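The values are calculated or read from the model by the stated rules, or taken from the named source; none is laboratory data. This is a predicted model, so every value here is computed, not measured. Using ideal geometry, Cβ is built from the backbone for each residue, glycine included, and neighbour counts are taken over all protein chains shown. Ligands, DNA and RNA are stripped out before the accessible areas are found, and what is left, the full protein with its side chains, is counted by its heavy atoms. Shrake-Rupley method; radii C 1.70, N 1.55, O 1.52, S 1.80 Å.
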Amino acid sequence: MADNGYSSTGILGNEHFQALVLIFFSALAIVLAISKTARFYCKYWIFNSTFGILGIIVLPVLMLSPGDSSNARWAGILTRMTVKHIYGIKLKICGWENLKEERPFIIVCNHQSSVDNIGMMEVIPENTVCMMKKSLKYAGPFGLAAILCGTIFVDRSNPEKAKQALEDTVQIILKEKVNLWMFPEGHRNMMKQREDHMLPFKKGAFNIAVKAQVPIVPIVLSSQEPFFSFSQRRFTKGLQSIEILPPIPTKGLTVEDVPDLAENVRLKMIDTFVRISPNLSHGNSAFVKG
């Protein structure tokens with residue numbers, strides 16, 4: 001009798017669990033059906049989780065040469081094969097020839113949301129490392145994959161450590177001849193649209209470029225507003241334009257020139273952003289990648 005009672009309790013508990021699961025998913029389905037906001041954040045969460053999954057898939061390959069800057073190409077290949085197709089994002093790219101200039105160089109790119117990862121992985125050159133905020137180092141499989149790709153992490157809350165990280169980065173660029181990808185806005189510029197379209201640029205990328213005496217290659221991603229918008233809770237299929245601008249030399253410049261250099265690059269990138277963004281301009285024709 002005791003055994004039968006235990007079995008009945010177990011079955012009952014299992015039935016309760018199944019009922020709770022059914023109730024949860026039914027409630028979730030109802031919420032997603034009636035709430036645009038819920039659908040948006042659910043899709044955005046799934047989108048971000050996709051990169052964690054890709055990180056797990058590519059980890060065995062990255063572990064063969066941990067910290068190697070060339071590892072980013074594997075992440076790029078996997079992303080190009082999957083993410084843009086899953087989420088229906090087509091890319092229109094021009095200026096490829098500007099990535100064939102003498103290397104190394106510093107890439108500066110505008111930053112709107114994590115959707116930027118699609119465009120970034122599409123055009124990132126070989127032998128390129130990224131600079132990210134330190135907190136992303138602990139972002140699960142994504143963070144581990146970033147570490148294995150040689151990503152340089154910066155603790156922005158500690159000015160002294162951040163300064164030292166920049167100095168160390170200059171030496172890495174000069175000794176290992178690697179390119180560096182940075183988002184000079186520092187933060188995502190999507191939650192609130194600005195009249196001048198881009199946040200003020202932080203000077204780190206430009207200080208590195210000047211100290212290393214290497215060119216700056218600006219890359220501009222068009223506005224995501226037509227297909228991705230936090231304010232409108234919109235995440236649909238769409239087309240994003242990417243323009244790779246000609247390299248900007250820094251030879252002969254000093255740290256005193258950095259503020260003007262940063263602002264001049266920012267203005268060029270804003271002009272390009274307006275020109276290639278369909279919601280701001282008619283854009284221009286270029287090669288389309290599906």
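Quick look at the values:
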| read-out | value |
| --- | --- |
| Cα-based Kirkwood hydrodynamic radius, region 9-110, one decimal, Å | 18.3 |
| GNM result for the chain, Cα springs below 10 Å: residue of CYS130, CYS42, CYS109 fluctuating most strongly | CYS42 |
| For the chain, built as a Gaussian network whose Cα springs stay under 10 Å, the top-fluctuating residue of GLU256, GLU243, GLU185 | GLU256 |
| Tail beyond 25 Å, pair distance distribution of the chain (Cα, percent) | 53 |
| Neighbour net charge for LYS203 - beta-carbon separation under 15 angstrom, K R +1, D E -1 | -1 |
| Residue-wise HN-Hα coupling along region 106-116, computed from phi with Karplus coefficients 6.51, -1.76, 1.60 (Hz; x: Gly, Pro) | 9, 9, 10, 9, 6, 10, 10, 6, 5, 5, 4 |
| Accessible solvent surface per residue of region 222-276, calculated while the other protein chains remain in place, 1.4 angstrom probe, Å² | 46 |
| Of all accessible heavy-atom area on region 85-184, the percent that carbon and sulfur account for (1.4 Å) | 55 |
| For peptides 74-86, 151-163, sequence by mean Cβ density within 10 Å, most packed first | 74-86, 151-163 |
| Compactness relative to 2.2 N^0.38 Å, alpha carbon Rg of region 136-270 | 1.16 |
